[in-house]
Amino acid sequence: MEKKFDFLKDARSRTMIVAHRGSNTGNIPCNTLASFDAAINDGADMIELDVERSLDGTLYCFHGGNEFPHLQIRDRLCNLTDDHIRHLRFYNEDLVKTTHPIYTLDEVFEHLKGRCYINVDKFVLNMGPIAECIRRHNIQEQCLVKFDVKQPLLEELEQTAPELPFMAVLTEKDEYTDWLLNSRINYVGAEVCFATEDSQLCQPEYIQDMHSKGLILWANSIVFNYMRQLAAGHSDDISVVGREDEGWGWLLDRGYDLIQTDWPLHLRTYMNRRGL
C-alpha cells in the first residue's frame, strides 16, 4: 500500500523524530544513502539533509563548508565540476576513506520517495533549482523547507515555491508568524532556537498559541557548538548519558511537535519507554 503523507496531521498526532543528516557514525558518513537508511531503520520520521550546487549546476547532497573534515579536500564543492565530484568519497570518523560517494539530490529524492518526510536544508541558497527537483520527483507532500526569515527571502519564496510546506527559523522571539499567516506561503510553523528558558519561544503560552493557530513547532536537541545552545541546554549530549528527562523529556513535555536529533534510535527508545 502506498504511504500517505500529511505532514501537519502527522505532526499533530505524535512527536516526530527528525534525523540530523541521517544516522551516521563509525563507517557510515552523514548525508549518504546508508545514513538515511539507518535513520529510517532507527525510527526517524523525517530525514534532514543538506544541498550544495556544483560548478556545473548539479545539486548534490552535501553540507557546504565541511569539505575538509568529510572529504579531506580544501576546495569547496561549489567550485568543483561534476566529473571531479563523481570521483570523491567520504571519509569516516577515523579519516579513512569509505566507499560512499557524494550523491546527487535526484538520487537521494528517488531513494527516499514514498518512505519518509524530508527536510531540505540550505534550500535558501538554491530555491528555484531545488523546488524544481522536488516537483520533478513529485514529492511535494514529503518535503519541508525552512530558513532564517528575512523579508527578501520570503518574497522570493512566495514567487518560487509558495506551495511547499515552510517553517520559519526563529531565534529567541517570533516577529513573523502574523505576517506569514497572511501571505501566499504555505506556512506550517516554526523551528525555534533559544539559549535560555526565558525566551518567548519556549514559554507554554507561546507554544499553546501557535498550536491554537494550527501551527507546529520544531525544537533542536542537536549540538553544533556547545557555546551556542539551540534549546537552552536540553540537548542530545545530556540525554544520551542518562539524563533523558532533562534533555529530550523537557522538550517533549513542553509540547514541541518535532525534535531534531543526532541519536534517533535513542530518542525513539526513550519515547517508547514513556509510552509516547
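The values are calculated or read from the model by the stated rules, or taken from the named source; none is laboratory data. None of these values were measured; they are calculated from a predicted model. So basically every Cβ, Gly included, is an ideal-geometry build from the backbone, and we count neighbours across all protein chains shown. Keep in mind that these areas ignore ligands, DNA and RNA; they rest on the heavy atoms of the full protein, side chains included. Shrake-Rupley method; radii C 1.70, N 1.55, O 1.52, S 1.80 Å.
Summary table below
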quantity	calculated
Top-ranked residue in region 213-226 [being within 15 Å of Phe7 (Cβ to Cβ) and in contact (Cβ under 8 Å) with a residue 60 or more places away in the chain; ranked as most open to solvent (accessible area, probe 1.4 Å)]	Gly214
Boolean, Asn31 is touching a helix residue (DSSP H, G or I) at 6+ places or on another chain (Cβ under 6 Å), more than 15 Å from Arg268 (Cα to Cα) and either open to solvent by 10 Å² or more (accessible area, probe 1.4 Å) or at pLDDT 95 or above (or both)	no
Residue pairs meeting the criteria (Cβ under 7 Å; at least 6 apart or on separate chains; first more than 21 Å from Phe90 (Cβ to Cβ), in region 103-127; second in a loop (DSSP other than H, G, I, E, B) and among the charged types (D, E, K, R))	Gly114/Glu2; Gly114/Lys3; Cys116/Asp45; Tyr117/Asp45
Extreme residue, surrounded by the fewest Cβ atoms within 10 Å (Cβ to Cβ), among residues of region 227-262 that are of a type in the set (S, T, N, Q) and under 19 Å from the mean Cα position of the chain (by Cα)	Gln229
Among the residues listed as His84, His70, His63, the single one being in a helix (DSSP H, G or I) and either modelled with pLDDT under 95 or crowded, with 16+ Cβ neighbours inside 10 Å (or both)	His70
Test: residue in region 10-19 that is within 17 Å of Tyr256 (Cβ to Cβ), of a type in the set (Ser, Thr, Tyr) and surrounded by 16 or more Cβ atoms within 10 Å (Cβ to Cβ)	yes
Flag for Ile130 being touching a residue at least 60 places away in the same chain (Cβ under 8 Å), open to solvent by less than 20 Å² (accessible area, probe 1.4 Å) and part of a strand (DSSP E or B)	no
From Glu107, Glu93, residue being part of a helix (DSSP H, G or I), among the charged types (D, E, K, R) and closer than 23 Å to Pro264 by Cβ	Glu107
Residue identified as open to solvent by 30 Å² or more (accessible area, probe 1.4 Å), closer than 30 Å to Gly233 by Cβ and charged (D, E, K, R) among Lys150, Lys146	Lys150
Subset of region 187-212 [buried (at least 18 other Cβ atoms within 10 Å of the Cβ) and of a type outside the set (A, V, I, L, M)]	Tyr187, Gly189, Glu191, Cys193, Phe194, Ser199, Cys202, Tyr206
Residue in region 171-185 that is touching a residue at least 40 places away in the same chain (Cβ under 8 Å) and either of a type outside the set (D, E, K, R) or part of a loop (DSSP other than H, G, I, E, B) (or both) present	no
